[in-house]
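> Can you read through this structure? Questions will come right after.
What follows is calculated from the coordinates using simple rules that are stated; it is not laboratory data. Everything numeric in this text was worked out from a predicted model, so none of it was measured. Glycine also receives a Cβ, built like all others from the backbone with ideal geometry; neighbour counts cover every protein chain displayed.
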Amino acid sequence: MFSKVAGNYHFIVAEDNPRDRFLIEHHLSTACPWAHISVFNNAEGALAHYRKHGADLVVTDHSMPGMSGADLVDTLRKLDPRLPIVMISSSPYGREEGLAAGVDEFLEKGHVAECLPKILLGLLGRKIDQ
């Protein structure tokens, strides 16, 4: 489906929980084995990496120490309004704050395995069409 751009995707993951970070990276790499995935345990690291290298997609947790996922999304939206961003959280405020900040998709942490690959391919398909 994406063979014309294979090897060119770069994803950033910001997740402070090591287990959740591993699962997100695993599902991203399974869905897009040709992508390069940069993984960070905080939003500040993810943002610094984005500013230096850019990305085709960002996946972030909502609740992290320091800069929150919602603050990361808000900052990324100012840098690139068309950047595909997915927020994943189990926080009761995550969906509301994520959507207000401008995420394209929101996932509850318990649905990552079943939903993230479909969401990823849908967002990348939109990016190709733009």
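> For the chain, what is the calculated [θ] at 222 nm in deg cm²/dmol (nearest 500), taking -39500 (n - 2.57) for each run of four or more DSSP H residues and dividing by its residue count?
-15000 deg cm²/dmol
> For V13, which sequence-distant residues (separation of 5 or more, or a different chain) have an amide H within less than 5 Å of its own amide H, given hydrogens modelled in the peptide plane?
Result for V13 returns S38, V39, F40, V59.
> To test your reading of the geometry: what angle, between 0 and 90 degrees and rounded to tens, separates the Cα axis of helix 18-31 from the longest principal axis of the chain?
Taking Cα atoms only, the helix is inclined about 20 degrees.
> Kindly express, to the nearest 10 degrees and within the range 0 to 90, the angle between helix 43-53's C-alpha long axis and the longest C-alpha principal axis of the chain.
Between the helix axis and the principal axis of the chain, the angle is about 30 degrees.
> Would you mind ranking L28, L72, L83 by Cβ crowding within 10 Å, fewest neighbours first?
Least crowded to most crowded, the residues run L83, L28, L72.
> Still on this model: Let me know the charge dipole size of the chain about its Cα centre in debye, to the nearest 20, where only the beta-carbon of Lys, Arg (+1) and Asp, Glu (-1) is charged.
440 debye
> Along each principal axis of its Cα atoms, how long is the stretch 3-129 end to end? Whole angstroms, biggest number first, please.
On the principal axes, the stretch 3-129 reaches 38, 30, 23 Å in Cα extent.
> How tilted is helix 112-129 with respect to the longest principal axis of the chain? Cα atoms for both, answer in degrees (0 to 90, nearest 10).
60 degrees
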